[in-house]
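The values are calculated or read from the model by the stated rules, or taken from the named source; none is laboratory data. Quick caveat: nothing in here was measured; it's all calculated off a predicted structure. Here the Cβ positions follow ideal geometry from the backbone for every residue, glycine too, while neighbour counts run over all protein chains shown. Each accessible area value is taken on the protein alone, full model and side chains, heavy atoms only, with ligands, DNA and RNA left out. Shrake-Rupley method; radii C 1.70, N 1.55, O 1.52, S 1.80 Å.
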Amino acid sequence: AQSVTQPDIHITVSEGASLELRCNYSYGATPYLFWYVQSPGQGLQLLLKYFSGDTLVQGIKGFEAEFKRSQSSFNLRKPSVHWSDAAEYFCAVGRGGGADGLTFGKGTHLIIQP
Amino acid sequence: DAGVIQSPRHEVTEMGQEVTLRCKPISGHNSLFWYRQTMMRGLELLIYFNNNVPIDDSGMPEDRFSAKMPNASFSTLKIQPSEPRDSAVYFCASSLPTGGQETQYFGPGTRLLVL
């Protein structure tokens, strides 16, 4: 069965500093991977996705993620965070290419210090 | 595009009452998913439809939960009778398969509180 692990429940970063959120997955076939962001009281917004090809994918809001098959990882990065980036971040793996639904990690709560 | 629309946005009810959550997927999308988000269990897939047909309902927690998709533009998730442990945020998502790759777009969610 597929699973997603986000090891960090909370992360605190100073505004302007760089960010890396970790995600490890377990999936028997070619993984389709996603990062979503959830602001308080809001729905989930897609940041970026990996299906195939270039292992470094660019997303919205200046985020990027790198797929590393050897490490079963799909870490999310941003070179300089803004206060508006404070939110909950979810990594997910798509079953059947996404056609059979998503399996989510438990999320990482990002706190931005002034 | 209006995105995925869910109603109501908030629902407060008493234990034993019937609750109906509604979802309108993005026009043209032919897959629809219902998820539940709780602090303890995170985001879980409850059920999904393809071309209005339920494909996998193994995530539905109990027989008290049921979902329908009578047409391509409307789906409901019903809980009858509701219990306090059903309190959660329920999300609907839709997608359009593109060469076996699908991206799901989520609605704003319905926050359910069962007293």
At least 2 residues that are within 17 Å of B:THR110 (Cα to Cα) and under 14 Å from the mean Cα position of the chain (by Cα) in each: list the strands (runs of 3 or more DSSP E) lying fully within the stretch B:35-92 that qualify.
B:42-50, B:65-71, B:74-79
Please find, among A:GLN58, A:GLN42, A:GLN6, A:GLN71, the residue that is within 14 Å of chain B (Cβ to nearest Cβ), open to solvent by 20 Å² or more (accessible area, probe 1.4 Å) and either of a type outside the set (Phe, Trp, Tyr) or in contact with a Leu (Cβ under 8 Å, 6 or more places away or on another chain) (or both).
A:GLN42
Filter the stretch A:9-39 down to the residues that are surrounded by 16 or more Cβ atoms within 10 Å (Cβ to Cβ) and in contact with a helix residue (DSSP H, G or I) (Cβ under 7 Å, 6 or more places away or on another chain) and list them by number.
A:TYR32
Answer residue from the stretch A:102-114, given it is among the hydrophobic types (A, V, I, L, M, F, W, C) and open to solvent by less than 10 Å² (accessible area, probe 1.4 Å) and is farthest from A:THR12 (Cα to Cα) among those:
A:LEU102
When you go through B:THR110, B:THR103 one by one, which is the residue that is open to solvent by less than 60 Å² (accessible area, probe 1.4 Å) and touching a helix residue (DSSP H, G or I) at 6+ places or on another chain (Cβ under 7 Å)?
B:THR103
Give the stretch B:4-31 a look and list any residue that's closer than 18 Å to B:TYR48 by Cα, out of contact with any Lys or Arg (no Cβ under 7 Å at 6 or more places or on another chain) and not hydrophobic (A, V, I, L, M, F, W, C), or say none.
B:ARG22, B:LYS24, B:PRO25, B:SER27, B:GLY28, B:HIS29, B:ASN30, B:SER31
Of (1) hydrophobic (A, V, I, L, M, F, W, C); (2) closer than 22 Å to A:LEU44 by Cα; (3) in contact with a helix residue (DSSP H, G or I) (Cβ under 9 Å, 6 or more places away or on another chain); (4) open to solvent by 40 Å² or more (accessible area, probe 1.4 Å), B:MET15 satisfies every one except (2)
Among residues of the stretch A:74-101, those that are assigned to a helix (DSSP H, G or I), within 14 Å of chain B (Cβ to nearest Cβ) and open to solvent by 10 Å² or more (accessible area, probe 1.4 Å), counted:
2
Of B:PRO54, B:PRO25, which residue is open to solvent by 60 Å² or more (accessible area, probe 1.4 Å), within 14 Å of chain A (Cβ to nearest Cβ) and either on the phi < 0 side of the Ramachandran plot or not acidic (Asp, Glu) (or both)?
B:PRO54
Are any residues in the stretch A:1-33 touching a Phe, Trp or Tyr at 6+ places or on another chain (Cβ under 7 Å) and closer than 21 Å to A:ILE111 by Cα, and if so, which ones?
A:GLU15, A:LEU21, A:CYS23
Only one of (1) within 16 Å of A:ARG22 (Cβ to Cβ); (2) more than 15 Å from the chain's Cα centre (by Cα) does not apply to A:PHE74, and that is (2)
Of all residues making up the stretch A:46-65, the number that are under 10 Å from the mean Cα position of the chain (by Cα) and closer than 19 Å to A:SER18 by Cβ:
5
